[in-house]
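First the structure, in the form of C-alpha cells, and then the observations on it.
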Amino acid sequence: MTRVQSLDIDIEKNGKTPNPYGPGAKNSPTNTARTYLMFTLALFVIYGVGKMMLPAKKSNDPYASAGGAAGSWGSEHQHPVVSSGIKGATTNSGPNNDMDSPVKHYHENSPQSSNGDIVALELKETDFLMVLLPYVVIPSHSRPEYEKYQGNEGTDFVEEVLYDKNTPHGMAFDFLLNRDTRPINHDDPHLIQRFVLTLLFYATGGRDENAPVSEEGARTSGWDFGTAHFLTGLHECHWVKKSFDDGFWGILSIQSDTDRRVGVTKCNADMEVTEIRLADLNLVGFIPEEIKWLSSLESLDIQNNHLAGPIPKSLGELDELSYLSLDGNNFSGTIPDVFGNLQHLERVYLNFNDFNGAMPKSLCTLREDAVLKDLWSDCGGYPITCTCCTVCCDMVAECNEMESQKGN
C-alpha cells in the first residue's frame with residue numbers, strides 16, 4: 001500500500017499533473033517529427049556533396065574543360081587559365097594547343113607595354129642622325145680605328161662611323177643616345193656643342209665608367225671622366241672641376257679659381273663654350289676636326305699632354321679664338337696655314353712638339369699686323385724655321401726670346 005502511495009505522490013507532485021508531452025517524455029509526437037526532418041536534410045546534403053565530387057561529364061565545348069571565364073580554374077590541370085581575348089585562339093590547356101608556336105603574353109598586346117618606349121627611342125635615334133650627320137668629319141690622318149672609313153665620301157660612311165663604338169665618334173653618339181642622363185632633344189640648340197665636347201673627351205683618351213681597369217685597379221691610359229666632371233647630367237658648361245694638383249700650396253695660391261680649374265672653364269650668356277682648359281691631364285689621342293663647331297671658343301689650353309697627329313685645319317675657322325696653347329705634346333707634321341682670318345688671336349704656343357717646316361705665313365702676318373703678341377715654337381735652329389716667332393725653344397726644355405723680336 002505504501003509503494004502505490006509513493007508512486008501517486010510522484011505523479012501528483014506539487015499538486016500538478018506532469019505534461020505527458022513535455023521534456024523527457026519518451027513518446028512525444030513533436031520530437032519524432034523533428035527527427036525525421038533532420039534525417040531527410042542530412043540525406044540531401046550527403047547526396048549533393050557526393051554528386052559534386054563525381055567526375056564531370058565531357059562536353060562538346062572545347063573550352064569547357066579549360067574553365068568558362070578568364071581567370072577561372074581549369075578542371076583538368078588545376079591551374080589558372082587566362083583567356084587570350086583573341087577570336088579563334090585556344091588556351092594553353094585547350095585541345096588544339098600547338099607547342100611549337102611562340103608563347104604570347106597578354107601584356108604584349110597592351111597599350112601600356114614598352115613598345116612605346118622602343119618607338120620613342122627609334123624616333124630619337126633618327127632625329128639625332130639627321131642633325132649630327134652634316135657635322136661629322138672623318139679623320140684624314142692615320143688612325144687604325146678609322147682606316148676602313150678613310151678615303152670614302154658620302155653619308156653612308158659617316159653613319160657607319162657613328163654606329164662604330166670602336167671609334168670616338170661612335171662612343172660619343174652612343175653616349176648621347178643611350179647613356180646621357182640629361183634630357184636633350186634633336187632640336188636643342190646645344191646638341192651639337194654637347195656632341196663635340198663628348199667627342200673631344202673620347203678622342204683625347206677619355207675613359208668613362210665602362211672603361212676597363214688594370215689589375216691594380218687603375219685606368220690603363222688616358223684621363224678619367226671624373227677628372228673634369230665630363231659626361232655628367234649637367235649642362236656641358238658645368239663640365240668643370242677645380243684642380244688641386246699643386247697640393248697644399250696650390251690651394252693657398254693667390255691665383256684665381258679660373259686658373260686652377262680644368263674642363264669647360266667659361267661660357268657666355270647664351271651657354272656657349274668660350275674657354276676649355278685640359279692642361280696636364282694625361283690626354284692621349286687627337287683633336288677632332290669637329291672642334292670648329294664650337295664657334296664661340298676663345299681659349300683652348302691643352303698643354304703638357306700626349307696628343308699626337310697634325311693640328312686640325314678646322315682651328316682656322318674659330319673666328320673668336322684669342323689663346324691657343326698646344327705646347328708640350330706630340331703633334332707632328334707641318335703647321336697648317338689656316339690662321340689668316342683669326343683677327344683676335346693674341347697668343348699661340350706650339351713649342352715642345354714634333355713639328356717641322358716653316359712657320360706659316362698667316363701667323364707671321366698676324367705678327368706683323370700687331371694682332372699676335374706671342375708666338376712660341378721649336379725654332380732653335382731645328383726643326384722649325386721661323387723669323388716672326390717671339391720665343392724659340394729647343395724641343396726639350398730651354399726657350400729663348402728672339403733678339404729680332406725684342407721690344408715688339
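Structure summary
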quantity: Gained length - Ile184 relative to Arg347, 0.36 nm times residue gap less alpha-carbon distance; calculated: 55.1 nm
quantity: Segment Leu234-Glu147, length gained on full extension (0.36 nm per residue, minus Cα span); calculated: 27.9 nm
quantity: Beta bridge orientation in segment 333-407: antiparallel %, DSSP, nearest 5; calculated: 25 percent
quantity: Protein-only accessible surface order, largest first, of Arg260, Arg194, Arg179 at 1.4 Å; calculated: Arg179, Arg260, Arg194
quantity: Pair Asn356, Tyr36: separation of 7 Å Cα→Cβ label points (nm); calculated: 12.9 nm
quantity: Spin-label pair Lys124/Ile46, simplified geometry with 7 Å Cα→Cβ offset, distance in nm; calculated: 7.2 nm
quantity: Hz values of 3J(HN,Hα) by residue in segment 288-294 - Karplus curve (6.51, -1.76, 1.60), Gly and Pro given as x; calculated: x, 4, 5, 4, 5, 6, 7
quantity: Residue-by-residue Karplus 3J(HN,Hα) for segment 323-331, coefficients 6.51, -1.76, 1.60, Hz, glycine and proline x; calculated: 9, 9, 10, 10, 5, x, 10, 10, 4
quantity: For segment 276-336: accessible area per residue (Å², 1.4 Å); calculated: 31 Å²
quantity: Two-site label geometry, Asp369 and Asn330: point separation in nm, points 7 Å out along Cα→Cβ; calculated: 3.6 nm
quantity: Protection-proxy order for peptides 351-357, 34-40, each taking the mean of Cβ atoms within 10 Å per residue, highest first; calculated: 351-357, 34-40
quantity: 3J(HN,Hα) from dihedral phi, segment 179-190, Karplus parametrisation 6.51/-1.76/1.60, rounded to Hz, x for glycine, proline; calculated: 10, 6, 7, 8, x, 9, 10, 5, 9, 5, x, 10
quantity: Within-14-Å neighbourhood charge of Glu398 [Cβ basis; K, R +1; D, E -1]; calculated: -4
quantity: Long-range amide H partners of Gly285 with built H, under 5 Å; calculated: Ala308
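The values are calculated or read from the model by the stated rules, or taken from the named source; none is laboratory data. Since this is a predicted model, take the numbers as computed values, not measurements. Counting neighbours? That spans all protein chains shown, and the Cβs are built from the backbone with ideal geometry, glycine included. Protein only, heavy atoms only, side chains kept; ligands, DNA and RNA dropped before computing areas. Shrake-Rupley method; radii C 1.70, N 1.55, O 1.52, S 1.80 Å.
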